[in-house]
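Single-structure report; data block below.
The values are calculated or read from the model by the stated rules, or taken from the named source; none is laboratory data. No experiment lies behind these values; they were computed from the predicted model shown. FYI the Cβ positions are ideal-geometry reconstructions off the backbone, even for glycines, and counts take in every protein chain you see.
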Amino acid sequence: MSYEAYRSIDVDVFKEILENDFLKNGDFENDDVLSLVKKISTAEIQLPGLDLDVKKEVAKIKYKQFGFRTKSDFDYTVKSNVFDNITSIILIPKKVYHLEDEIKTLPDPDCEKGKKLKLILGDSFERLKVKTKYILHNCNSDEQITHYAKKNIQVVKRYCYDAKLVLIKIQKTKNRNAILMVIMINAFMINVLSYLRKMFSSYFLEKNVEKYKEKADLYDVIDFSLFIEPKADYPKKYKVEEKLDLCNEPFVKLNVQTNQFLTAVYETINMLTDDEKKAIEVEQKKLEELLSKIVCDKNGNLLKIGTIQTCLKHSREDKRVSGSKKLTF
């Protein structure tokens with residue numbers, strides 16, 4: 001791994017996820033998310049010589065260059081190559097980074113593979129953010145930043161095209177979950193491209209950029225007929241009775257601050273088990289809509305959907321309470 005970080009292609013991980021065995025073999029069934037993250041985000045640093053002070057060398061590593069937020073986020077192992085006179089320090093992830101952005105076009109497959117894939121893609125995106133910020137803060141010149149931006153933007157644009165070809169091919173199988181997973185990878189690549197363009201707009205600006213071109217190209221190749229479920233047309237005498245709507249009137253009233261309640265909801269739906277799975281599976285959009293219909297604040301007013309969505313976003317910690325203000329159970 002070169003110490004010249006600006007020469008690296010950090011978007012390769014998304015092509016690796018698309019083309020590697022993650023979609024083909026049993027890795028998703030056999031491994032937990034952290035194990036899969038270790039497979040694709042472990043970094044190897046090769047140093048000349050065999051008699052090195054490993055602790056001193058590890059202390060000198062600029063770990064953010066390799067996508068780690070803190071030193072406590074990785075373990076390391078050492079191996080020596082006697083024939084090449086090289087010592088390798090291998091950085092191994094200890095945790096899964098959860099996606100902080102909302103990707104509106106992101107499908108959510110029902111299968112376990114799809115759920116794991118979403119977490120892996122989110123982790124890779126968060127690590128890419130760490131690497132790009134390192135480039136912006138540590139390069140010696142604007143030319144180095146431009147070199148990094150141009151190379152990664154051009155490569156991920158090509159990957160967006162390749163991902164659409166994979167989608168066209170896999171749609172022929174009519175395997176709904178497989179199709180949704182490839183669409184998910186497509187959506188991530190498009191958002192990675194958008195992120196890089198914004199982050200490096202002061203250093204590298206493409207000519208004639210069509211703002212929504214990649215999204216439009218993706219929609220053009222999706223066969224939406226594969227996702228449309230036919231509706232039964234019942235005769236009038238067999239018409240299915242509509243279910244009673246229990247949410248016509250709010251029936252939950254808060255006697256605490258709204259953000260105290262929403263903080264408790266946020267922490268509940270984001271609790272993780274020991275193997276990094278969500279303790280409670282819930283479709284957040286439906287939960288937000290439900291809360292806006294049944295919960296009143298201290299003044300008897302229904303909670304606004306915008307307030308709920310903001311407070312439940314990972315990136316809006318400033319809207320949630322902390323310390324002694326949190327509700328305890």
Checking Tyr195, Tyr161, Tyr203, Tyr219 in turn, the sole residue that is aromatic (Phe, Trp, Tyr), within 18 Å of Val11 (Cβ to Cβ), surrounded by fewer than 19 Cβ atoms within 10 Å (Cβ to Cβ) and free of Cβ contacts under 8 Å to residues at least 60 places away in the same chain turns out to be Tyr161
Within the stretch 108-152, of all residues that are crowded, with 18+ Cβ neighbours inside 10 Å and not in a helix (DSSP H, G or I), the one modelled with the highest pLDDT is Cys139
Checking Ser80, Ser88 in turn, the sole residue that is out of contact with any Phe, Trp or Tyr (no Cβ under 8 Å at 6 or more places or on another chain) and either under 30 Å from Leu121 (Cβ atoms) or in a helix (DSSP H, G or I) (or both) turns out to be Ser88
